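First the structure, in the form of structure tokens, and then the observations on it.
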Amino acid sequence: MSSESARYFYQPLKTLYSNEDYLIELLTESGLLDAAALEDARHKKKSQDTMLDTVLKLKKVTEEDVAKTLATNCGMDFLDIGKIDIAQDAIEAVDGPTALRFKIVPVVYTGSQLVVAIADPLDFDALDSVRHLLKVDPEFVCAPRGQIQECLLQFYSADMTDEQRKQFDSTAVSVVVGDEGGGGGGDAPIIKLVHQILQEAYQARASDIHIEPLEEELRVRYRIDGALHKVQSHPSRLLSAVISRIKIMTGSMSIAEKRIPQDGRIQAKMGDGDLDLRVSTVPTSCGESVVMRILDKSSLTLGLPQLGFFTDDEENFNKLIRLPDGILLVTGPTGSGKTTTLYACLNAINKSDRKIITVEDPVEYLLSGINQVQVKESIGMTFAAALRSILRQAPNIIMIGEIRDLETASIAINASLTGHLVFSTLHTNDAPSAVARLADIGVKKFLVASAVRSILAQRLVRKVCADCGQEGDITPKEMRALNLSEEQVSKAKIVTGSGCRSCRMTGFRGRMGLFEVFNITEEVSHLINGDESTPQLRRRARELGMRTLREDGVRKVLSGLTTASEVVRVTMSDSD
């Protein structure tokens, strides 16, 4: 698209009409504006706004009022674009540069007839130019300007250069969420829709927002306390515009690129607080799918008890995180809270006399007093490369986001054997399996036995809602699964949630951890060096006092913190 084309389109919405003074007269003559409304608008008008823009912001008239007035006075039909499905052959009838330059949207094309929507039928130069440029003599209809801009963004965003998109972002949209206008930065329907999605997710305490294209709808789901809930559905034609809006908000993602996955970040205002989102897009058969992770900064201040540690495990783990050297591993699947646990550990030992450096991909939260390094594999900044460099920074404590390969594992082990305390994560089902996992990537078992001090496996379960929790029962099937006796249940405080507004009628509010702490004692080191299998390690660890994930879950069920069904859902049976 030429720079001349860009100059026409990339202006604030308020300049979309060519003769605004005349339009104000038409609105007044039609009775939509009276003298009192105009006087109020004059007093509240900002220097950078036109009078028309002001009366629209003050809701003295609507964009639909403006479009209908223009249509009547110019002898055109009015069209509500939001109520029709625009076919792809209609879009292809007008090229992107022409549509963007003259701010038009083709809505119907039959081969011999082309219906084109325009916001400003008073722009006679545009009408004449479009008739000259198009192969078919178009029939013009008048549509609200917000709908025109929404469609241009939806159907012609690929024709915008990065520079033009930045200019569009700086003039037509705002990244501030929850501003005093309530529209998320403007009156465009797509901007309002995205703002509404973010606001509702924030209010619902969601950890993730999933925007997924299906064949006939655009589905929006929130992950709340680990469970997905469908909350909205929209016409599938809105997909491109919604995705483009989200990409623009990141400031780093390309709205023209839809063939490959992209990652970005949104930092915005939500009421009085800050909203930090990590954005990921991936192409699917029906279009791009978006997941936005809401980074909850309140988790940074959590202590071990708030994570779900009982007193005995808390005392044990507090001793481990204050060791002078060695490796402490946290294991579990994606979404099991490993990063939150590591951050809680670092916060607990973050003192002015210790230097702490982390290597993460990505850096999710900024921790005060801690040096955090972002991995960027595209420029060669891998975990291993970053680790080699930070060891020359003389840290006391190192946190590695994840041990993924032999090179990273070897550097971590060497660091631990030379006087550093190293925290990291692995993807394994339970704590003893981490030994076999390290061996699988090439680490010698005698090095595992020498360097690793403890392995913590964890899962997250939903907590019973404190507002609607009441005395409940455990089914015989759940008793068998948890290996519970009638006597244990009769003495316990079994609680279930009946459902209320506070928990969105789920009976659960918030999550807590289940933990399995596998300490590498001298005896366990001998077993590892003796090449014992994972089941044998697990059996002996339990004999030495290791409490499994399911056993820790049973304790929390009997204490009334969660339900038996939750523990059964996230843990495996302890039968050998």
Checklist outcome for this item: Scanning the stretch 336-355 residue by residue, the ones that are open to solvent by 10 Å² or more (accessible area, probe 1.4 Å) and farther than 30 Å from Arg223 by Cα total 6
Item to check | Residue pairs meeting the criteria (Cβ under 8 Å; at least 6 apart or on separate chains; first closer than 21 Å to Thr311 by Cβ, in the stretch 510-537; second assigned to a helix (DSSP H, G or I) and acidic (Asp, Glu)) | outcome: Leu514/Asp552; Phe515/Asp313; Phe515/Asp552; Glu516/Asp552; Val517/Asp313
Next on the checklist: What's the total number of residues in the stretch 523-570 that are outside any helix (DSSP H, G or I) and open to solvent by 20 Å² or more (accessible area, probe 1.4 Å)?
Outcome noted: 9
Checklist entry - Can you tell me how many residues in the stretch 78-118 are among the basic types (Lys, Arg), within 26 Å of Ala256 (Cβ to Cβ) and open to solvent by 50 Å² or more (accessible area, probe 1.4 Å)? => result 1
Item to check | Near pairs, Cβ below 6 angstrom, 6+ apart or cross-chain, from the stretch 226-251 (of a type in the set (D, E, K, R)) to any residue that is in a helix (DSSP H, G or I) | outcome: Arg245/Ile190; Arg245/Val194
Item to check | Residue that is surrounded by the most Cβ atoms within 10 Å (Cβ to Cβ), among those in the stretch 464-497 that are in contact with a strand residue (DSSP E or B) (Cβ under 6 Å, 6 or more places away or on another chain) and part of a loop (DSSP other than H, G, I, E, B) | outcome: Cys465
Next on the checklist: Looking at the stretch 429-438 only, could you name the residues that are closer than 14 Å to Thr548 by Cβ and either at pLDDT 95 or above or touching a helix residue (DSSP H, G or I) at 6+ places or on another chain (Cβ under 8 Å) (or both)?
Outcome noted: Asp430, Ala431, Pro432, Ser433
Checklist entry - Which condition number in (1) surrounded by 21 or more Cβ atoms within 10 Å (Cβ to Cβ); (2) in contact with an Asp or Glu (Cβ under 7 Å, 6 or more places away or on another chain) is the one that Ser502 fails? => result (1)
Item to check | Sole exception among (1) over 27 Å from Gly111 (Cβ atoms); (2) outside any helix (DSSP H, G or I) for Thr69, by number | outcome: (2)
Checklist outcome for this item: Listed by first then second residue, the pairs whose first member lies in the stretch 59-72 and is under 15 Å from Asp123 (Cα atoms) and open to solvent by 10 Å² or more (accessible area, probe 1.4 Å), whose partner is modelled with pLDDT of 85 or more and of a type in the set (Phe, Trp, Tyr), with beta carbons under 6 Å and at least 6 positions apart or on separate chains, are none
Checklist entry - Name the pairs: first residue in the stretch 273-297 and small (Gly, Ala, Ser), second residue surrounded by fewer than 15 Cβ atoms within 10 Å (Cβ to Cβ) and modelled with pLDDT of 95 or more, Cβ to Cβ under 7 Å, at least 6 apart or on different chains? => result Ser289/Val282
Checklist entry - Could you list, in sequence order, the residues of the stretch 471-505 that are modelled with pLDDT under 90 and either among the basic types (Lys, Arg) or touching a His at 6+ places or on another chain (Cβ under 9 Å) (or both)? => result Lys491, Lys493, Arg501, Arg504
Checklist entry - Can you find even one residue in the stretch 21-30 that is surrounded by fewer than 19 Cβ atoms within 10 Å (Cβ to Cβ), closer than 27 Å to Leu100 by Cα and at pLDDT below 75? => result yes
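The values are calculated or read from the model by the stated rules, or taken from the named source; none is laboratory data. Note that this is a predicted model, so its numbers are computed, not measured. Virtual Cβ from ideal backbone geometry, glycine too; neighbours counted across all protein chains shown. Note: areas computed on protein heavy atoms with side chains; ligands, DNA, RNA excluded. Shrake-Rupley method; radii C 1.70, N 1.55, O 1.52, S 1.80 Å.
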